[in-house]
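Only one structure is covered here, and it is reproduced in the block below.
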Amino acid sequence: MESALLKSYLIRQLQTASEQLPLVGPAADIEALHRFRVALRRFRSVLSAYTHHLYAPDAIAKSMLKVTNPLRETDVFLDALSSESYPNLHAALTRYREKQYKKRWPPETPRRFAQTIDLLIADVQALKLDQRKGRLIRRGEAIYEKAKTARRALGEDSKEEEIHEIRLRYKQARYVLEFLDEAGLVDAKRKIKNAKKHLEHFGAIQDAANQLAWLHRFCDKHPSQECAALYEARKKALRKLKKAFEL
């Protein structure tokens, strides 16, 4: 029964991702792309937690995420940019976003992704999973404990790469614990809440660093006074976040 719960969860994440595909586009709500990506990340996290030998499905899901990475980065950056404070930059980024979607999300891409997800669902349905309740719970809790241990090893001088690694650990821990909780295998709400708290903190730092790097590349290709001003403002904000870093 437990293996059926695991298989059902994996398939449900793939189905959720597939349902978002027709909703994604330059004129669409950016949350559609976000839901697509979260569903695939949940699939990858739980799959890798319980089936270490299945590299192909994970790699396929990862490749779809990779295609959408630049789109999501642009969506998030533009959504957080004030059109009143940076009108020219906002207009330039809007045009850039439209070009990015035309380049990376032509009509054949969602069709191809839908076919790929159908194949992944068939692969998961054919899996022979023998995961008992105790093993599922122990594995999920072990992933969570490893994230906590790694977090305690961080310090004020920790590099962004180290912080990013802890964020990835907590993401997997959160998704695996959510599977266990939703499946009714264990009440993991307290641990999920704790994982989310740390994800928000680490995410604020990592997102700020990612956006600063993204902005640097954009400003290098599209120089302007507004771009330079925003870059300096974001750089100061990142330093402030790091200074306020609490373990």
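Karplus-derived 3J(HN,Hα) values for region 76-92, using 6.51 cos²θ - 1.76 cosθ + 1.60 with θ = phi - 60°, are 5, 5, 5, 5, 8, 8, 6, 6, 7, 7, 9, x, 5, 5, 4, 5, 5 Hz; glycine and proline are entered as x. Using only Cα atoms, find the angle between the long axis of helix 133-152 and the longest principal axis of the chain, and express it within 0 to 90 degrees, rounded to the nearest 10. Taking the Cα atoms of the chain, the angle to 133-152 is about 30 degrees. Comparing 75, 58, 29 in a Gaussian network model of the chain (Cα springs below 10 Å), the most mobile by mean-square fluctuation is 29. If R0 is taken as 35 Å, the Cβ-Cβ distance between residue 160 and residue 103 corresponds to a FRET efficiency of 0.80.
Taking the protein heavy atoms of region 1-77 in the context of the full set of protein chains, the accessible area attributed to carbon and sulfur is 58 percent at 1.4 Å. Between residue 115 and residue 236, the modelled label-to-label distance comes to 5.2 nm, taking each label 7 Å out from Cα in the direction of the beta carbon. Note down the relative contact order for the chain as a percent, whole number, built from C-alpha pairs under 8 angstrom at least six residues apart. Value for the chain: 21 percent. Here region 196-247 has 53 percent of its accessible surface on carbon and sulfur atoms, given a 1.4 Å probe and all protein chains in place.
For region 205-247, count all C-alpha to C-alpha pairs, find those more than 13 Å apart, and express that count as a whole percent of the total. Pairs farther apart than 13 Å: 52 percent. Modelled spin labels at residue 65 and residue 193, positioned 7 Å past Cα toward Cβ, are 2.7 nm from each other.
Hydrodynamic estimate: the Kirkwood radius of region 129-179 over Cα pairs, inserted into Stokes-Einstein at 10 °C and 1.306 mPa s, corresponds to D of 134 µm²/s.
With K and R counted +1 and D and E -1, the other residues having a Cβ less than 15 Å from that of residue 223 yield a net charge of -1.
Which of rounded, prolate or oblate describes the chain when judged by the alpha-carbon gyration tensor and an a/c cut-off of 1.5? It is oblate, given that a/c is not under 1.5 and a/b is not larger than b/c. When the chain is treated as a Gaussian network with alpha carbon springs shorter than 10 Å, the biggest mean-square fluctuation among 235, 148, 221 belongs to 221. First select every other residue whose beta carbon is under 12 angstrom from the beta carbon of residue 212; then total the charges, Lys and Arg +1, Asp and Glu -1. Local charge sum for residue 212: +2.
Heavy-atom accessible surface of region 95-229, averaged per residue, reaches 60 Å², computed with a 1.4 Å probe. Report, to the nearest 10°, how far helix 30-50 tilts away from the longest principal axis of the Cα atoms in the chain, using its own Cα long axis and a range of 0 to 90°. That works out to roughly 40 degrees.
The values are calculated or read from the model by the stated rules, or taken from the named source; none is laboratory data. Note that this is a predicted model, so its numbers are computed, not measured. Reconstructed Cβ throughout: ideal geometry from the backbone, glycine too, with neighbour counts over all protein chains shown. Ligands, DNA and RNA are stripped out before the accessible areas are found, and what is left, the full protein with its side chains, is counted by its heavy atoms. Shrake-Rupley method; radii C 1.70, N 1.55, O 1.52, S 1.80 Å.
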